[in-house]
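First comes the structure, then the notes that go with it.
The values are calculated or read from the model by the stated rules, or taken from the named source; none is laboratory data. Just so you know, these numbers come straight off a predicted model, no measurement behind them. Here the Cβ is made from the backbone with ideal geometry for all residues, glycine too, and neighbour counts use every protein chain on show. Note: areas computed on protein heavy atoms with side chains; ligands, DNA, RNA excluded. Shrake-Rupley method; radii C 1.70, N 1.55, O 1.52, S 1.80 Å.
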Amino acid sequence: MQYCDNWHLRVIFCTLLLLASANSLARDWAHINYQQIRVCPGGEVIPNFEDDACTTQSFFSADPQGRAIWIEASLHLSERWQEGAEPLAFYLFAKASSKVYLNGRLLGTNGRVSQDGEHELAGRMDTRFYVPPGLIRTGENRVVIHLSSHQSILRLSSPLHLAALGKYQNSTDYFGIEPHMQLSVLCILLLGGLYLLMLRLSPLRAKIPSGLIWLIGIAVVQLAAEQLRGWFSYPYPLHDVRLVLILVCAMTFGFGLLVYLLRLCQFDTKVKLSVLAPVIGLTSMLVFFSPGFDLKTTLAVSIPALAGVGVACWYYYRHRTGKALLFAATLGVFVMAAMLSLQSFHSLLFYVMVTLLLGVLLGMHIRQLGELQIQTMADQQAIAKLQVKLSQLNKTGTQQYLTLTFGSAAERIDVGQILWCRAAGDYVELHLDGGKERLYSGTLKSLIDKLPGTFMQVHRSYLVDLDKVRRVALNKDKMESGYAFLYLSDGNRVPVSRRLLGQVRGTIE
């Protein structure tokens, strides 16, 4: 009774039961004997499969690409197939036009089979043929298939994928619940991409990397192309286009992921090229010579990801940042999952791992944006406090002094002589009128509290008396750091951060 009263458990149980039942219905098939079939050269008439020109081989090694062939296979059925009242269909998933016979009776045609490409009409990649009642029998059933494939661009190592008997339904239902789960992953990626686009339109757009949006967009296109076969049955020549699109997206995603990481680590152009060039060359070579598009696609992503693990580990070794360690660990799990399931990785697991990887990157940037918003609020509070201090200073006009200590010695200087300050480790350099310099023993933060409100921290390492500022100019030299510069009364200039430039201008004016 306690189980029944818990509605959370009931929902979970019903969901799992629904998914399991939907998947079992989709997988309830009687397959031909894939291991042993007879293959004969194609002709218009069903051949004698005992002829010397015919060979015995597996179903998946039979190849109708560039020619026409006949296939004879056995289909073993138990008594339950005779007892069922549901209509049945024979399903053929192959990159070819086809004609199917069951127990000597023609079930139907898919396109038009021909010995040459001129007369062939392209059939659908995945198709079904209605099986009339009473045609099947318990035990062995004879299946004969006529195939041709002249309109292909790519030559696949295994163009035949499935031949089985099942209940009459859409051919796409064979894939069961997986397309629906992939659709859920696709929706998650789309929501993540839309969220980033909305942030790009916000005042924080400068902090949203466009590379992450591109990576999500590429993953969406690749997943959509992968799902096409689960959504509808298309003519078999389009299968080549779909495979090429998936492979191009995989390579673009892999290389884009590595470029994104190199930019995130702020490596210079020379280092980026020294990493990218060999990775692109090695990946392209392995993808070109690897058999099967599933393996090609997995290698296209996993090799750049493996290089990314090395880059992240090197960056962590040099800078000891938690972000680099997190990124290296995430990429490491991704590559490990790919290596442990090399042939079958390019499936739902692949897109789940890609979504988790992009989720980690998105989470890192969301956290960074949160820190930026907190810093922005702190800056606004500091500006409001500065305005109050300025108004108080204008009323009092009292002269102030700063005491500097050096061991047992001390010096008292007029703060009105200080033009600007720069942090230097455990000290702060004070630049005075007349080119004089002094050292303050302490941090920049502790010094701010001892100076009048006319002083403002305009950069993480610089403090300036705004009364001594003569003009503000943007930095046009990209080789120098700083978004803009403040030119002071003594001829020196001080960098100012982008987020504080507007407030500095407003205070000066």
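The convex hull defined by the C-alpha atoms of the stretch 439-493 has an orientation-averaged projected area of 4.5 nm². Structural size metrics of the stretch 294-341, computed from C-alpha coordinates, are Rg and Dmax of 11.6, 37 Å. When the C-alpha to C-alpha distance is required to be over 28 Å, the pairs from K323/K476; K445/K476; K99/K296; K270/K476; K95/K167; K270/K445 that qualify are K323/K476; K445/K476; K99/K296; K270/K445. The heavy atoms of L189 present about 10 square angstrom of accessible area, all protein chains included, probe 1.4 Å. Less than 5 angstrom separates the built amide H of M125 from those of Y234, Y236, all sequence-distant by 5 or more or on a different chain. Pairs of Cα atoms nearer than 8 Å and 6+ residues apart set the relative contact order; for the stretch 421-493 it is 21 percent. Placing +1 on the Cβ of every Lys and Arg and -1 on the Cβ of every Asp and Glu, with nothing else charged, gives the stretch 219-369 a dipole about its Cα centre of roughly 500 debye. Taking the accessible area of the stretch 56-177, probe 1.4 Å, and keeping the other protein chains in place, the carbon and sulfur fraction comes to 47%.
Each residue of the stretch 333-338 was assigned a 3J(HN,Hα) from its phi angle through the Karplus curve 6.51 cos²θ - 1.76 cosθ + 1.60 (θ = phi - 60°); the sequence is 5, 4, 5, 4, 4, 5 Hz, with glycine and proline shown as x. Under the 0.36 nm per residue contour assumption, what length would be gained going from the current alpha-carbon distance of I413 and Q373 to full extension? Gain in length upon complete extension: 10.6 nm. Estimated at the nearest 10 Å², the accessible area of L245 is 70 Å² with a 1.4 Å probe. Rounded to the nearest whole Hz, the Karplus-based 3J(HN,Hα) values (6.51 cos²θ - 1.76 cosθ + 1.60, θ = phi - 60°) of the stretch 219-225 follow the sequence 4, 5, 4, 5, 5, 5, 5, with x at glycine and proline. The radius of gyration of the Cα set in the stretch 80-164, together with its Dmax, comes out at 14.2, 45 angstrom. Amide H contacts under 5 Å for D63: none, restricted to partners 5 or more places along the chain or on a different chain, H placed in the peptide plane at 1.01 Å from N.
Between D426 and Q36, full extension at 0.36 nm per residue minus the direct alpha carbon distance yields a gain of 132.4 nm. Against the compact-protein benchmark of 2.2 N^0.38 Å, the Cα-based radius of gyration of the stretch 70-120 scales to 1.44. Close amide H pairs (under 5 Å, H built 1.01 Å from N) link A484 with N475, V496, residues at least 5 positions away or on another chain.
Rolling a 1.4 Å probe across all protein chains gives R318 an accessible area of roughly 150 Å². Sorting W81, W231 by solvent-accessible area of protein heavy atoms yields W231, W81, largest first, with a 1.4 Å probe.
In order along the stretch 284-296, the phi-based Karplus estimate (6.51 cos²θ - 1.76 cosθ + 1.60, θ = phi - 60°) of 3J(HN,Hα) comes to 4, 5, 5, 5, 5, 8, 7, x, x, 6, 4, 5, 4 Hz; Gly and Pro are listed as x. Let's test the formula: R0 of 25 Å, r as the Cβ-Cβ distance of L340 and W314. What FRET efficiency results, to the nearest 0.05? Efficiency, from the Cβ-Cβ distance: 0.50.
With Rh defined as the Kirkwood radius, the inverse of the mean 1/r over Cα pairs, the Rg/Rh of the stretch 272-312 is 1.00. Shape index of the stretch 405-476: Rg/Rh, with Rg the Cα radius of gyration and Rh the Kirkwood radius from the inverse mean 1/r over Cα pairs, equals 0.97.
Once the Cβ-Cβ distance of L325 and R67 is raised to the sixth power relative to R0 = 60 Å, the FRET efficiency obtained is 0.60.
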